[in-house]
Amino acid sequence: MAASLIAAASSAPQFDHSPGEFSDEYHLSAAAIRSISFGLLPPISDWLLLLAIIDVVSAFVAPKELSSQFFCFDLVSDLDPFFLEAYAEGGRFVTVVRNDVEGAVRLVEKGLAVQRGEIQKLRATTPGRYWSNDFDLPFLAGYLYLCEKPDLERAAKNFTEAARAPNAPA
């Protein structure tokens, strides 16, 4: 069962779809993968992350379009919302490699929502265990809003949040 899941998922990132063309024919939903994962979500998430990174399609996408890698990183973040790399590295990857600014902003904002919400609640019960790198996502969001999708107010807000993080570099 896991082999058929991986085979179905490994064909997904090889096709570039615009948002209107994205088809569930090639992609499984997070709920479907979760229901047949047999508790193997971490290795499946890692596998999907690797598939997104090694995808042979590296051409820039048109403005306002989403890359196939965005959908893979987004799926990984749906499967494991606390997987920081899906947001941070996914945002960096789709911006630099595919020029997918919209996808990067979506991933980073999704990660910030998790960081500002659920992660804060978890830290109250288990301090230091979840996402010790507090400055990374706000810093990346600040960069995106400063350089890629100009919005100085949002950039300043995110850079300020990153600078106030307890473990921010000096």
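The values are calculated or read from the model by the stated rules, or taken from the named source; none is laboratory data. Fair warning: this is a prediction, and the values are worked out from it, not measured in the lab. When we count neighbours, we look across all protein chains shown, and the Cβ atoms used for this are built from the backbone with ideal geometry, even at glycine. Please note that ligands, DNA and RNA were not included when accessible areas were found on the heavy atoms of the full protein model with its side chains. Shrake-Rupley method; radii C 1.70, N 1.55, O 1.52, S 1.80 Å.
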Among 105-117, 37-49, what's the highest-first ranking by average C-beta atoms within 10 angstrom per residue? 105-117, 37-49
Separation of the Ala59 and Ala165 label points, Cα + 7 Å toward Cβ, nm: 3.6
Out of the total accessible area of segment 58-98 (probe 1.4 Å, heavy atoms of protein only), what percent is carbon and sulfur? 62
Decide, for segment 28-170, between rounded, prolate and oblate: order the square roots of the alpha carbon gyration tensor eigenvalues as a ≥ b ≥ c, take rounded if a/c falls under 1.5, and otherwise choose prolate if a/b is larger than b/c, else oblate. oblate
Heavy-atom accessible area per residue - segment 29-83, 1.4 Å, Å²: 49
Just read off the accessible area of Tyr145 with the full protein assembly in place, 1.4 Å probe, to the nearest 10 Å². 10
Assuming 0.36 nm per residue, please report the length gained on full extension of the stretch Val96 to Ala31 beyond their Cα-Cα distance. 20.4 nm
